[in-house]
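Report on the structure given below.
The values are calculated or read from the model by the stated rules, or taken from the named source; none is laboratory data. All of these numbers come straight from a predicted model, not from anything done at the bench. Note that we place each Cβ from the backbone using ideal geometry, even for glycine, and neighbour counts take in every protein chain shown. With ligands, DNA and RNA removed, areas are computed over all heavy atoms of the protein, side chains included. Shrake-Rupley method; radii C 1.70, N 1.55, O 1.52, S 1.80 Å.
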Amino acid sequence: LHEFASVAVRVCKDDAYGPADEETDMTHRVALGIDIGGSGIKGAPVDLVEGRFLQERMKIETPQPSTPQAVAAVVGQIAEQFIDDLPADAPIGITIPGVVQHGVVRSAANIDPSWLDCPGQDLFSEALGRPCLLVNDADAAGVGELRYGAAKGRDGLVVLTTLGTGIGIALLYNGVLIPNAELGHLELNGHDAESQAAASVRRRDDLSFEEWATERLQPYYAHLEFLLWPDLFVVGGGVSRKSEKFLPLLKLRTPIIPATLENAAGIIGAASLTARSARILRSTSTSAALRPCM
Ligand code: BGC
């Protein structure tokens, strides 16, 4: 991988989050997306016209502890698998289950705490020798669904929720992502909502789909609805495959539909977000900035 440019490359996220723009989006037809999760790290090259994988996804178990260095090594392995099939300047989009502000990880609810304040975007760009964009996992999934899936063509406020180990949220207003909305941590009955209503909680508390829907999801979505007045809820995460078991039980004024890209949404959304090459800013590496997470 180090045969590629060694300069760190920063992606201008504020532009990348904006509405789709044919001219700049089509500069790259292919980008690599990598999704860092609590149990697995998954990646695949993505056709950005079709919004689908070009090759079978590669998955490697998340190292424990999932420190930045250990995770960067696995991300490097996945990138190496596909790099020969990518154009030399094709960027890489990487998701992480935490707040990412200007390339720096600012929260670590479900990953190793050593990620806190880690300049992850620079870390990956240096490690892979390619321009990388680091983005919150739910934000990436939201953009995937917006550009290629269940939220395509939907104006107004779309709220995508990912139900998994935690609860992730993407706020999309008229095609623009408002990043890092951490509404999975709203207070619900005096507790952090994700500790009451995430998909992992259904298994932890041995709840039937009906109990989970009526006792946990109903108050959570009703609260979100009361605060945000969305036009549409899209429900993602692996459990969206079984949406018929719980979505019809929810009584909301907002339409609520399952995501269509399922677990591919994060990879596809990250690849899509990172592909605006005309807006990539090259800057010299600041190795001092890497120290906090090394
Ligand atoms: C994190 C979010 C993340 C979500 C889903 C939450 O615990 O705070 O940043 O999007 O989990 O992984």
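Please determine, by comparing only the residues of the range 125-159 that are under 18 Å from A271 (Cα atoms) and part of a strand (DSSP E or B), which one is farthest from the chain's Cα centre (by Cα). Step by step, filter the range 125-159, then rank; the result is C132.
The set of residues in the range 112-124 being in contact with a Leu (Cβ under 8 Å, 6 or more places away or on another chain) and assigned to a loop (DSSP other than H, G, I, E, B) consists of P119 alone.
Would you mind stating whether N189 is closer than 25 Å to V239 by Cβ and either more than 14 Å from the chain's Cα centre (by Cα) or more than 9 Å from the ligand (Cβ to nearest atom) (or both)? Walk me through how you get there before you give the answer.
Values: closer than 25 Å to V239 by Cβ: yes; either more than 14 Å from the chain's Cα centre (by Cα) or more than 9 Å from the ligand (Cβ to nearest atom) (or both): yes.
Yes: the conditions hold for N189.
Pick from D84, D117, D122: which is out of contact with any helix residue (DSSP H, G or I) (no Cβ under 9 Å at 6 or more places or on another chain) and either farther than 22 Å from T162 by Cβ or not hydrophobic (A, V, I, L, M, F, W, C) (or both)?
Checking each option against the conditions leaves just D84.
Of the residues A108, A141, only one is crowded, with 24+ Cβ neighbours inside 10 Å and within 14 Å of the ligand (Cβ to nearest atom); which?
Numbers: A108 fails: crowded, with 24+ Cβ neighbours inside 10 Å.
One residue alone meets the criteria, A141.
Comparison of T162, T214 shows that the only residue that is within 16 Å of A109 (Cβ to Cβ), of a type in the set (S, T, Y), open to solvent by 10 Å² or more (accessible area, probe 1.4 Å) and touching a residue at least 12 places away in the same chain (Cβ under 8 Å) is T162. Look at (1) away from the ligand (no atom under 16 Å from the Cβ); (2) under 17 Å from the mean Cα position of the chain (by Cα); (3) surrounded by fewer than 16 Cβ atoms within 10 Å (Cβ to Cβ) and you find that Q55 fails only one, number (2). Selection of the range 212-266 for residues being closer than 16 Å to T165 by Cα and part of a loop (DSSP other than H, G, I, E, B) yields only G237.
Looking only at the range 37-49, filter to residues that are in contact with a helix residue (DSSP H, G or I) (Cβ under 8 Å, 6 or more places away or on another chain) and under 20 Å from T260 (Cα atoms); which one of those is most open to solvent (accessible area, probe 1.4 Å)? Taking the candidates together, the pick is K42. If only residues of the range 81-105 that are away from the ligand (no atom under 14 Å from the Cβ) and of a type in the set (G, A, S) are counted, the one that is surrounded by the most Cβ atoms within 10 Å (Cβ to Cβ) is G93. The residues of the range 165-211 that are part of a loop (DSSP other than H, G, I, E, B), open to solvent by 20 Å² or more (accessible area, probe 1.4 Å) and touching a His at 6+ places or on another chain (Cβ under 7 Å) amount to a single one, L186.
Does A278 qualify as being open to solvent by 50 Å² or more (accessible area, probe 1.4 Å) and at pLDDT below 95? First the steps, then the outcome.
Numbers: open to solvent by 50 Å² or more (accessible area, probe 1.4 Å): yes; at pLDDT below 95: yes.
Considered against the rule, which asks whether it is open to solvent by 50 Å² or more (accessible area, probe 1.4 Å) and at pLDDT below 95, A278 comes out as yes.
Of everything in the range 144-159 that is open to solvent by less than 10 Å² (accessible area, probe 1.4 Å) and aliphatic (A, V, I, L, M), the residue that is nearest to the ligand (Cβ to nearest atom) is V159.
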